[in-house]
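The values are calculated or read from the model by the stated rules, or taken from the named source; none is laboratory data. Quick caveat: nothing in here was measured; it's all calculated off a predicted structure. A quick note on method: Cβ atoms are made from the backbone with ideal geometry, for glycine too, and the neighbour counts reach across all protein chains shown.
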Amino acid sequence: MASGTTAKKALHWVAVHSLGVAAALFFVLPFVFLFLTSVMSDQQALTRDLWPRTWEWDNYAQVWHTPGFLTWWRNTLLYAGLGTLLTVCSSVPVAYALAKFRFRGRRLSLMLVVAMMMLPPQVVVIPMYLFWAKQLGLSGTLWPLIVPMAFGDAFSIFLLRQFLLTIPDEYLDAARVDGCGELRTLLRVVLPMAKPGIAAVALFQFFTCWNDYFGPQIYASENPGAWTLSYGLESFKGAHHTDWNLTMAATVLVMAPVIVLFFFAQKAFVEGVTLTGVKG
Amino acid sequence: MTTGILPPRGAAARRRAAALRTAAFMSPWLIGFAVFFAYPLLSTVYFSFMKYDGFRPPSFNGLDNWSYVLTQYPLFWPAMRNTLWLVVVVVACRVAFGLGLGLLVTKIKTASGVFRTLFYLPYLAPPVAATLAFVFLLNPGTGPANTVLGAVGLPTPGWFTDPDWSKPALTALALWGIGDLMVIFMAALLDVPKEQYEAAELDGAGAWTRFRHITLPNISPIVLFAVVTGVIQSMQYYTQPLVAGKVAAGVIGGSGQQFEPGYPEKSTLTLPQLVYNAGFQRFDYGSACVIALVLFLLSMAFTALLMRRRGGLIGSGD
């Protein structure tokens, strides 16, 4: 009996972990082939070979020195960095009010936040484009993408509100009894406790901006000086359309920062994903 | 904003101060709502009844845009069909795969952290980069995927170059980035009370019975959440099909170029791409707004479903 269960347990272990390895191959092999192709010579990248005959590390230098590549980096960092900062600063007070104040219209506001969250950006793009491009003359820049983030982002507000709900009201009441106004309560008491939620929102927003393709395509496409990595990468492919090795090297260079960032902020990120689905 | 330290005042004054305070905290979003949601939405409705190319002043043309889009615009129904295909197939596959992977991850005992990280990583790959990578990996001539598939005797389809296989290829890409769903399902599965499993095991329930009668009922809110958010994401599916179509067709990049959307044979064309096509390639802003509104109505219908069925999405704390 005892050995029977042990054998069964061992079998179970083997079955589960073989499935795990099979799944891991599905997730990892694309990265592996991507990387191997990125260090092949341009001729070999056009063959069926899976393993590089010579390791052409120079491909990366070549991509790095492509005219524009550093500009795309700078623009992406500006867009993602500034966008994240503005989103957090503008969304925290709104989320705080929605989580902790009682006022008429709160439920309605919350429903509208969710509605905005679900809205495909393409739905309002025509009037927004006309507004930014024709009325303000700002097409060919990233400002039409950055400025709106100073006015709250629906997803960030929603996520932060979900997080702030988990902070017990007693802490806020204690601060108020001590004579703190709402702003000081928010800054001194709530913010330190909300750090994980804010970190998750900041990461999400950073990734959203980093990955955005539609926004730069609409507003920045006419001016290569305003392109971001996502937009530039596609045009890089167009310009080097038989040089798969260089395209894959460029792809690796666009993927790498997000993955490095993930390893530094793994916990906050996974917590954030969980928060979207489980809380509430 | 300083209610606590002010001397006592009349109830009306206090209420006014509280309302002012609320307005101050809410102000970024109130402005954002008006300028970036309400105004452009009304404006989209307005332009859907206008003939406008961005150069000549807009002129009223009644329901012409609507009837043109719904009955004559040759790309509308193919895009609608593709969007619905992707909504049904991608969401079903992602929920099933995400749940399966979540289950697997909770069972893995050795090096579980490594497995989780590996499963999660592709979710982080920027969509343009991931799509480029997949178009290369799945290219029918020399791509590693078909090289491997051929070596083990499996069929080697044309993927992004074959209209019958381009959407399955997009589905594979969507399954590769399953990390978010896996984490959500994993958290939900770990929340299922252990006692229920132990009790069922004592009763001699098999693995399937336990899954069917304990696991599923416990995680059904999360499954519903995954389905509805998945549907909404699929309706917004833009970057991957667009980039896949352009790259597989060999479109030369850069700004302002014209290209036939949805390569091969409109099979990767989705509704959001059509807004771009009508508005920014054909400069028919009126029709673009009609398509945008169709997309809006579809999204809102599903959002309403989400709020009604779940009640809990925004319910807690009230």
Give the residues of region B:278-289 that are surrounded by 24 or more Cβ atoms within 10 Å (Cβ to Cβ), over 16 Å from residue B:236 (Cα atoms) and out of contact with any Asp or Glu (no Cβ under 6 Å at 6 or more places or on another chain), sorted by residue number.
B:279, B:285, B:286, B:287
Can you confirm whether region A:106-114 contains a residue that is among the hydroxyl-bearing types (Ser, Thr, Tyr) and under 19 Å from residue B:38 (Cα atoms)?
yes
Selected residue (criterion: surrounded by the fewest Cβ atoms within 10 Å (Cβ to Cβ)) from residues of region A:237-253 that are part of a helix (DSSP H, G or I) and more than 7 Å from every other protein chain (Cβ to nearest Cβ)
A:253
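Filter region B:80-119 down to residues that are assigned to a helix (DSSP H, G or I), aliphatic (A, V, I, L, M) and more than 19 Å from the chain's Cα centre (by Cα), then give me how many there are. Working first, answer last.
Residues of region B:80-119 that are assigned to a helix (DSSP H, G or I), as a first pass: B:80-107, B:112-119.
From what's left, aliphatic (A, V, I, L, M): B:80, B:84, B:86-92, B:95-96, B:99, B:101, B:103-105, B:114, B:118.
Now drop any that are not more than 19 Å from the chain's Cα centre (by Cα), which leaves B:101, B:103-105, B:114, B:118.
Here the count works out to 6.
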Residues B:77, B:66: which one is in a helix (DSSP H, G or I), away from every other protein chain (no Cβ under 13 Å), touching a helix residue (DSSP H, G or I) at 6+ places or on another chain (Cβ under 6 Å) and among the aromatic types (Phe, Trp, Tyr)?
B:66
If we keep only residues of region B:9-57 that are polar (S, T, N, Q) and under 26 Å from the mean Cα position of the chain (by Cα), then the residue nearest to the other protein chains (Cβ to nearest Cβ) is B:43
Suppose we filter B:100, B:153 for residues that are at positive phi, surrounded by fewer than 20 Cβ atoms within 10 Å (Cβ to Cβ) and without any contact (Cβ under 8 Å) to a residue 12 or more places away in the chain; which single one remains?
B:153
Residue selected from region A:174-200 under the condition part of a helix (DSSP H, G or I) and facing chain B (nearest Cβ under 10 Å), by the criterion surrounded by the fewest Cβ atoms within 10 Å (Cβ to Cβ):
A:177
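Go through region A:226-236 and give me each residue that's more than 8 Å from chain B (Cβ to nearest Cβ) and of a type in the set (Ser, Thr, Tyr).
Within region A:226-236, A:228 is the sole residue that qualifies.
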All conditions in (1) in contact with a helix residue (DSSP H, G or I) (Cβ under 9 Å, 6 or more places away or on another chain); (2) of a type in the set (Phe, Trp, Tyr); (3) closer than 20 Å to residue B:119 by Cα are true of residue A:264 except (1)
Give me the residue from region A:34-56 that is modelled with pLDDT under 90 and not in a loop (DSSP other than H, G, I, E, B) and, out of that set, nearest to the other protein chains (Cβ to nearest Cβ).
A:46
Filter region B:120-141 for residues that are in contact with a Gly (Cβ under 6 Å, 6 or more places away or on another chain), assigned to a helix (DSSP H, G or I) and either touching a residue at least 12 places away in the same chain (Cβ under 8 Å) or surrounded by fewer than 23 Cβ atoms within 10 Å (Cβ to Cβ) (or both) and give the result.
B:120, B:122, B:123
